[in-house]
Structure formats: C-alpha cells, structure tokens
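A.B. asks: Sending over a structure as structure tokens; questions will come in a sec.
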Amino acid sequence: MSTEYAIRREMVEIGRRMYEKDLVAATDGNLSFRLSANEFLITPAGSCLGYLKASDLVVIDPEGSPRSPGRPTSEFRLHLEVYRQRGDVSAIVHGHPPVCTAFSVAGETLDRCVLPEVVFTLGAIPTAPYGTPTTDEPPRIIRDQIKHCDAMILDRHGTLTVGPTLADAYYKLEKIEHTARVILTAKTLGRVRVLSPGQVEKLLEVRREAGLGGKILHCVCAAPASFPGGGVDEDELTRTITGEVIKIIRG
Ligand SMILES: [Zn+2]
C-alpha cells in the first residue's frame, strides 16, 4: 500500500467521522494533506465528507491547479495559504462545527483560558474576522494569525485546525468544539470562570517541559511577565474579532 493511498484512506475515514459527529453538514468542510513541496491532496468540490471514496480526492499544485482527475474544494486557497505560512504543517481540517460557529455568530470568542487541557495543548482560540467563503478574503485574513496558532474560528463560517498529521488536525477540531460545548453549558448554568495567571503559568511551564510542538496563543490577562515571551510587548500582540488583545506566546 503506497503512502499516498494510506493518506487517502485516512482522509476518507476522518471525513466520515466529521460528518457523523456533526462537525460538518451536507457538502460543507474540507481536508487537505501536503504530499510534497509541490503536491497537496485535497477533498473535492461539492461532495459530502461523509461519503467520500479514496479515488475522489484531488491532487493540486501550489497554485491550486489539479494534477489528478476531479475538481478541488472551492476553499483550496485557504489551505494553500496555510501551507505557505506554516512549513511545520502537513494537514489541514476545515469544519463547520455548530457550537464553535454559534459563538462567532453571537459575537463571542473562545480566547479565554478556561480549561487546563486546552490551555496546555491549544492555548486561547482566536476568531478571525469575517471573509467571504471561497474568495481570496479568508486566506488574506488568516495569513498572519495562523503563524501563531494551530486552531482558530472563522467568523460566522467554521473552524480551521492544522497539524503535522491528519489525525492531529482532526482531534484539534474535536477539542475546540467540545470546549465550546462545555463553555456554552457553563453559561447556561450561570457563569464561566477563567483560570488565574498563576494557574496558566504552571500549565505553560508543564507545556515547555513536555517539549510540545505547535503554536499557541494566550490572553494578555493571563500571560504573566515572568514567562519567556510573557509581559506586554506591542509587537507580540494581536487583536481578536471583539477587539480584545491576545498575547502571543511562542511555543
Ligand atoms: Zn467552509
């Protein structure tokens, strides 16, 4: 079994799981994998991720032109932009999970440090401003922010998660949708408590000691100056959809 065939099989399986777990609906969402410097495997246009076959997947070049039969998803520009910005990323998952998306519809973000496991693995989850899907707007909008995080919400659209493998990028999607559900449930119970700067500091220390890869962001409120990369440095700040400031912790 060739490596490419194994990746095609894995992409089909993850698409099926995304559809079954309500992380996409109908023909929404798409996945891709960097096969080499000049070839990317990507899901086809207009297909339901729940019912793909390995042979449906399309190989495109860095300009998005097909190198195999089929037509790539209309969101291919978004995928190619991430690969251009992140040499460490080999897989991208774009979902339309309902709870994460609802947070952005409501104008609320997931960029607070609430759950320790999420702070440890993903950091604060930013929301990229709105851009018309399938145009060159979303790639332009995420260009800078994707350099600093592995998971983001696309305003009133869906999510973008990236990683070294398809499984890794997919699990990040599961995790942020799960986080959104927990926070939504807490809101219905009355309030959402955020972790203290000291608690976040300890988590980041454990993260550094574990030598975890990937990129994470942190709320400026929870980024203590005692950290390498901590404290407020204007060059390292980025703004979310609501205008809140997020501190970039390079990790
Ligand atoms: Zn989409």
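A.B. asks: Tally the residues that are in contact (Cβ under 8 Å) with a residue 40 or more places away in the chain and either of a type outside the set (Lys, Arg) or under 23 Å from residue 161 (Cα atoms) (or both), restricting the search to the stretch 187-210. Reasoning before the result, please.
C.D. replies: So in the stretch 187-210, the residues in contact (Cβ under 8 Å) with a residue 40 or more places away in the chain come out as 192-195, 199-200, 203-204, 206-208.
Now drop any that are not either of a type outside the set (Lys, Arg) or under 23 Å from residue 161 (Cα atoms) (or both), which leaves 192, 194-195, 199-200, 203-204, 206-208.
Within the stretch 187-210, residues that are in contact (Cβ under 8 Å) with a residue 40 or more places away in the chain and either of a type outside the set (Lys, Arg) or under 23 Å from residue 161 (Cα atoms) (or both) number 10.
A.B. asks: Sort out for me the helices (runs of 4 or more DSSP H) sitting completely within the stretch 84-193 that have 3 or more residues that are within 16 Å of the ligand (Cβ to nearest atom) and of a type in the set (A, V, I, L, M, F, W, C).
C.D. replies: Working: elements: 98-105, 116-121, 137-142, 166-189.
Passing ranges, in order: 98-105, 166-189.
A.B. asks: Does the stretch 182-204 include one or more residues that are in contact with a helix residue (DSSP H, G or I) (Cβ under 9 Å, 6 or more places away or on another chain), at pLDDT 95 or above and of a type in the set (S, T, N, Q)?
C.D. replies: The answer is no; no qualifying residue exists.
A.B. asks: Take the conditions touching a residue at least 40 places away in the same chain (Cβ under 8 Å), in a helix (DSSP H, G or I) and either more than 16 Å from the ligand (Cβ to nearest atom) or of a type in the set (Ser, Thr, Tyr) (or both) and apply them to residue 11. Does it pass? Break it down into steps so the answer makes sense when it comes.
C.D. replies: Values: touching a residue at least 40 places away in the same chain (Cβ under 8 Å): yes; in a helix (DSSP H, G or I): yes; either more than 16 Å from the ligand (Cβ to nearest atom) or of a type in the set (Ser, Thr, Tyr) (or both): yes.
Considered against the rule, which asks whether it is touching a residue at least 40 places away in the same chain (Cβ under 8 Å), in a helix (DSSP H, G or I) and either more than 16 Å from the ligand (Cβ to nearest atom) or of a type in the set (Ser, Thr, Tyr) (or both), residue 11 comes out as yes.
A.B. asks: Say whether the condition of being surrounded by 18 or more Cβ atoms within 10 Å (Cβ to Cβ), away from the ligand (no atom under 16 Å from the Cβ), in a loop (DSSP other than H, G, I, E, B) and among the small types (Gly, Ala, Ser) is met by at least one residue in the stretch 195-215.
C.D. replies: There is at least one residue in the stretch 195-215 that is surrounded by 18 or more Cβ atoms within 10 Å (Cβ to Cβ), away from the ligand (no atom under 16 Å from the Cβ), in a loop (DSSP other than H, G, I, E, B) and among the small types (Gly, Ala, Ser).
A.B. asks: Just to be sure before I move on: is residue 75 in contact (Cβ under 8 Å) with a residue 24 or more places away in the chain, within 20 Å of residue 26 (Cβ to Cβ) and within 15 Å of the ligand (Cβ to nearest atom) in the structure I sent?
C.D. replies: Yes.
A.B. asks: Looking at the stretch 14-54, which of its residues are assigned to a loop (DSSP other than H, G, I, E, B), more than 14 Å from the ligand (Cβ to nearest atom) and touching a residue at least 60 places away in the same chain (Cβ under 8 Å)? First the steps, then the outcome.
C.D. replies: From the stretch 14-54, those assigned to a loop (DSSP other than H, G, I, E, B) are 21-29, 37-38, 43, 45-48, 52-53; that's our starting set.
So of that shortlist, the ones also more than 14 Å from the ligand (Cβ to nearest atom) come out as 21-22, 37-38, 52-53.
Matches in the stretch 14-54: 21, 22.
The values are calculated or read from the model by the stated rules, or taken from the named source; none is laboratory data. Because the structure is a prediction, the values reported are computed rather than measured. Note: ideal-geometry Cβ built from the backbone for every residue, glycine included; neighbour counts use all protein chains shown.
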